[in-house]
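Read the structure below first, then the notes.
The values are calculated or read from the model by the stated rules, or taken from the named source; none is laboratory data. If you're wondering where the values come from, they're calculated on a predicted model, not measured in any experiment. Every residue, glycine among them, receives a Cβ derived from its backbone with ideal geometry; neighbour counts consider all protein chains shown. When the accessible area is computed, the model is the full protein with side chains, heavy atoms only, and any ligands, DNA or RNA have been set aside. Shrake-Rupley method; radii C 1.70, N 1.55, O 1.52, S 1.80 Å.
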Amino acid sequence: MGLCCSKQKKTPKNDIEAPEASVGLLNEKDAKKKVDEVDPEHVTFEPFEQRGVLHIEDKTSLVGMAILGPNIYVLSMNPSTLSIYKKEEPFEKIDEVNLKEINTPWDMVASPKFQCLYVTDGSTNNIFKIAIPSNEVKSWLGDISYPHTLSITDPDEHVLVVKNGKPSTLELYDHEAQPVNRIELPDKIEYPKHAVRTSAGNFFISGKTKGEESWRVFEVSAEGKIQRETTESLAECYHLATTAEGTVTVADCWKNRILVFGPELKQSHELKVETQWPRRMQYLNSEKLMYVLTGEKPKEETGIKNEEKSDGEKAIAEKVEDRGKAIGAVCVYGIRETAKP
């Protein structure tokens, strides 16, 4: 089956809990402790070490990943398939679905409310809907465009689609593929790559800055106005994910890292991934777990001459050539609240 997993040391349970209703009077020391536990100014959000890794060595071109119920769904092309694994270790593979209706699968999101997956087709500019657990595939929406990326809004579970153009737009659709909203983006965001909606109703968008080679994350209002942006120049960043606490994580793909930004888009943490090219992410607020899809490309697709590669990159290329397959993984990370000193 080509599947293996590496078990990581479990992270201690977070010892910061919401305060109980106060009974009687607190002394000064206890009162300060209670304030530190609940005051947002005294709380930071940071990744734990890895909780586990699902290694996938029998598929080429891993392009999408979503968590729905007890399962991890992994999307690949050549051929177009949907592989299904248990999301608990040892990540047992339980099924594989041939997606013959989808020519070039590119991205995928899950809708817990409507028990389905949405998958984009990069060659036909369509979105397909896969019912769960029947795995029935139906065409759902047409006339999308590059970058063929999706996200799901919370709590209404509208499908958010990014479309490049003049102007580029964000488009929201309900579960029956009816348009809900269309937001024109400012010209400064030249090539929007992915977008997610915040709990406040704004949008975080990864994209290239017009007139520059830099990529950034922008916060844009529901009216399409830029509220703030990251100051750090990123490599071509792929997916974003948000938490209920307002932080945003960024897959800085070509630098092989995940960046974590606070609600004001100030960088707070950097997380190196175990394998290369982090591409897709999903954060589960209920479990405080982040799932990251990574994939290592065959040598001929890297765009780097062999003599320019590091020893590590050469070793990866050799492994890929030996098997003729891409190496990929779903890495699981825990995110916790910790009180600041």
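With the cut-off at 29 Å, tell me which of the pairs K129/K188; K59/K193; K59/K138; K188/K288; K166/K272 have Cα atoms farther apart than that. It would help to have the intermediate numbers written out before the result.
Working: K129/K188 33 Å; K59/K193 25 Å; K59/K138 24 Å; K188/K288 34 Å; K166/K272 35 Å.
In this structure, K129/K188; K188/K288; K166/K272 lie more than 29 Å apart at Cα.
³J(HN,Hα) across region 235-241 via Karplus (A = 6.51, B = -1.76, C = 1.60, θ = phi - 60°), whole Hz, x for Gly/Pro?
6, 4, 8, 9, 6, 10, 8
Quick one: length gained pulling A222 to E190 fully straight, 0.36 nm per residue minus the C-alpha distance?
Values: separation 32, 0.36 × 32 = 11.52 nm, distance 1.83 nm.
Stretched out fully, the A222 to E190 stretch lengthens by 9.7 nm.
Under the Kirkwood approximation applied to all pairs of distinct alpha-carbon atoms, what is the hydrodynamic radius of region 135-205 in Å?
On the way: mean 1/r = 0.0788 Å⁻¹.
About 12.7 Å, per the Kirkwood formula over Cα pairs.
Using a 1.4 Å probe, how large is the accessible area of Y173, given in Å² and rounded to the nearest 10?
Its accessible surface works out to 30 Å², give or take rounding.
Report the extension gain between S214 and E176 in nm, rounded to one decimal, defined as 0.36 nm multiplied by the number of residues separating them, less their alpha carbon distance.
Working: separation 38, 0.36 × 38 = 13.68 nm, distance 3.72 nm.
Contour length minus the Cα-Cα distance gives 10.0 nm.
Considering amide H positions built from the backbone, and no H for Pro or chain starts, which residues 5 or more places from V63, or on another chain, come under 5 Å of its amide H?
L75, S76, M77
Across region 257-264, in residue order, what do the Karplus-derived ³J(HN,Hα) couplings come to in whole Hz, using 6.51 cos²θ - 1.76 cosθ + 1.60 with θ = phi - 60° and x for Gly and Pro?
Calculated HN-Hα couplings, in order: 8, 10, 9, 10, 10, x, x, 8 Hz.
Can you give the alpha-carbon Rg of region 59-132 over 2.2 N^0.38 Å, where N counts its residues? Intermediate results must be reported in sequence, preceding the final value.
Details: Rg = 11.7 Å, N = 74, 2.2 N^0.38 = 11.3 Å.
Normalised Rg, Cα atoms only: 1.03.
For S61, S151, what's the largest-to-smallest order of accessible area, 1.4 Å probe?
Values: S61 35, S151 10 Å².
Sorted by accessible area, descending: S61, S151.
Give me D for region 72-229 in µm² s⁻¹, whole number, from Stokes-Einstein with Rh from the Kirkwood sum over alpha-carbon pairs, 25 °C and 0.890 mPa s. Write down the numbers at each step before the final one.
Values: Rh = 16.5 Å.
My calculation gives 149 µm²/s for D.
Assuming 0.36 nm per residue, please report the length gained on full extension of the stretch N78 to D156 beyond their Cα-Cα distance. Mind showing how you got there, number by number?
Numbers: separation 78, 0.36 × 78 = 28.08 nm, distance 3.37 nm.
Extending this stretch completely gives an extra 24.7 nm.
Could you pull out every residue, at least 5 positions away or on a different chain, whose amide H is within less than 5 Å of the one on V217? Hs are placed 1.01 Å off N in the peptide plane, and Pro or chain starts have none.
T230
Roughly how many whole Å is it from the C-alpha centroid of region 208-275 to that of region 137-163?
Here the answer is 20 Å between Cα centres.
Among 203-216, 222-235, how do they line up by average Cβ neighbours within 10 Å per residue, starting with the highest? Kindly include the intermediate steps, with their values, before the conclusion.
Working: 203-216: 18.5, 222-235: 14.2.
Going from most to least packed, we get 203-216, 222-235.
Under 5 Å between amide hydrogens, which residues at least 5 positions from T198 or on another chain qualify, with H placed 1.01 Å from N in the peptide plane?
The list, which skips near neighbours in sequence, is F203, F204.
Work through the residues other than Q115 whose Cβ is under 11 Å from its Cβ and net out their charges, Lys, Arg +1 and Asp, Glu -1. Mind dumping the intermediate values first?
On the way: positive: K113, K129; negative: E157.
Every neighbour counted, the sum reads +1.
With an 8 Å cut-off on Cα pairs and a minimum separation of 6 or more residues, tell me the relative contact order of region 104-165 in percent. Numbers along the way, then the final one.
Details: 130 pairs, mean separation 16.5, N = 62.
Answer for region 104-165 is 27 percent.
To the nearest 10 square angstrom, what accessible area does M281 show with a 1.4 Å probe?
M281 has an accessible surface of roughly 20 Å² with all protein chains in place.
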